[in-house]
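I have placed the structure first, in the form of structure tokens, so that the comments after it can refer back to it.
The values are calculated or read from the model by the stated rules, or taken from the named source; none is laboratory data. If you're wondering where the values come from, they're calculated on a predicted model, not measured in any experiment. Please note that ligands, DNA and RNA were not included when accessible areas were found on the heavy atoms of the full protein model with its side chains. Shrake-Rupley method; radii C 1.70, N 1.55, O 1.52, S 1.80 Å.
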Amino acid sequence: MANWHLFDTRKEMVAGLKTAIIEKLGAAVGQGRRASWAVSGGSTPAPLFVAMQTAQLEWGNIDIALVDERWVPFDHPRSNEAFVAGNLLGRNAASAQLTGMKTEHTRAAEAVDDVNLRYAKLKQPFDSVLLGLGADGHTASLFPGASGLEAAFDADAKTCVALTALRSDVTGDEVERMSLSAKAIADARHVALMITGYAKKQVLEAALAPASGLPIGRLHKMRSFDVYWAP
Ligand code: 6PG
């Protein structure tokens, strides 16, 4: 099931999502353990990340991890790790620990074991996962038609998987990816999909139709999630 949270403005959406994430992460650290929040890159979450910087949370006990990464170095303008570090890790949130996916390996496929070792140190299932959506129906780096997509949807998939997407306007040049597997996302305690604009709303509505084979639709068949939308 998709639980729709529809807002009139992006500002209100960010405020609503911020409250929900604070509640999930706060409850987790309130149990006296580290909390884990896996977040998407792209561009949509930037205002949420900036807003989260002032959240009153025990950030020193919170692990931030990436949902996915383009296989580019940290100093590349398309690095998701740099995007998250630059927008989220300030003010109160500066004391959070960020775990990225990029390694020194030339190819993402060669790095899978090392990245899974990194992620094994994080609290799983994740306390919350923040997803985005592409115009092609991808979420995380689960791209339609990607090499590695079926392995990424395997019921026994490890937490992190490597994929190579078909090049498109959505992927840009960065077709080589590391991503959370569908299982790692589906197992999370809470999943929120953050989208803006009427075009993405239509993409999602179409993808949620039972006959759709798009990755976000397949994930929806595995678990329910919250949708946060504003025009
Ligand atoms: C990535 C992202 C990806 C993103 C969507 C939406 O690395 O490409 O993590 O899954 O969430 O592509 O991207 P926008 O927010 O830029 O529209």
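Kindly sort 75, 226 by accessible area of their heavy atoms, largest first, with the probe set to 1.4 Å.
75, 226
Pull out the extension gain between residue 1 and residue 95, defined as 0.36 nm times the separation in residues minus the alpha carbon to alpha carbon distance; nm, one decimal.
30.4 nm
Please list the non-local residues whose amide H lies under 5 Å from the amide H of residue 227, H modeled 1.01 Å from N, same-chain partners needing a gap of 5 or more.
Amide H neighbours of residue 227: 3, 4, 5, 193.
Can you tell me how the stretch 55-169 classifies by the Cα gyration tensor, rounded, prolate or oblate, using a/c under 1.5 as the rounded cut?
Here the stretch 55-169 falls in the prolate category.
Can you compute 3J(HN,Hα) from phi for each residue in the stretch 147-164, using the Karplus curve 6.51 cos²θ - 1.76 cosθ + 1.60 with θ = phi - 60°, rounded to whole Hz and x for Gly and Pro?
Whole-Hz 3J(HN,Hα) from phi for the stretch 147-164: 5, x, 5, 5, 5, 5, 9, 5, 5, 9, 4, 6, 4, 10, 9, 9, 9, 10.
Please list, ordered by chain and number, the residues whose modelled amide H lies under 5 Å from the amide H of residue 40; skip anything fewer than 5 residues away on the same chain.
The answer is 67, 130.
Would you kindly work out the equivalent ellipsoid of the chain from its C-alpha gyration tensor and give its semi-axes, the square roots of five times the eigenvalues, largest first in whole Å?
24, 22, 17
Report the number of Lys pairs in the stretch 77-207 whose alpha-carbons are under 17 Å apart, with separation of 8 or more residues or on distinct chains.
Taking the Cα cut-off of 17 Å, the pair count is 6.
In whole Hz, what ³J(HN,Hα) sequence does the stretch 55-70 give by Karplus (6.51, -1.76, 1.60; θ = phi - 60°), x for Gly and Pro?
Along the stretch 55-70, the couplings run 5, 7, 10, 7, 4, x, 10, 10, 9, 9, 10, 8, 6, 7, 8, 7 Hz.
Would you mind giving the average projected area, over all directions, of the Cα convex hull of the stretch 111-231 in nm² with one decimal?
7.3 nm²
Heavy-atom accessible area per residue, the stretch 149-226, 1.4 Å probe: how many Å²?
The answer is 44 Å² per residue.
Could you work out the percent of alpha carbon pairs in the stretch 88-136 separated by over 13 Å, rounded to a whole number?
Everything past 13 Å amounts to 71 percent.
Compute the length gained on full extension between residue 54 and residue 19: take 0.36 nm times their separation in residues and subtract their Cα-Cα distance, giving the result in nm to one decimal.
11.4 nm
Under the rule of at least 5 residues apart or a separate chain, name every residue whose amide H is placed under 5 Å from the amide H of residue 197.
Counting only residues 5 or more places away or on other chains, the set is 230.
Can you list the HN-Hα couplings for the stretch 212-220, worked out from phi with the Karplus curve (6.51, -1.76, 1.60; θ = phi - 60°), rounded to whole Hz and with x for Gly and Pro?
In residue order, the calculated couplings are 5, x, 5, x, 5, x, 5, 5, 4 Hz.
Please report, to two decimal places, log10 I(q)/I(0) for the stretch 124-166 at q = 0.18, 0.22 Å⁻¹ as given by the Debye formula with identical point scatterers on the Cα atoms and no solvent.
-0.57, -0.81
Rg over Rh of the stretch 162-231, using C-alpha atoms and the Kirkwood radius, what does it come to?
Ratio of gyration radius to Kirkwood radius: 0.97.
With a 1.4 Å probe and all protein chains left in place, how much of the accessible area of the chain comes from carbon and sulfur atoms, in whole percent?
52 percent
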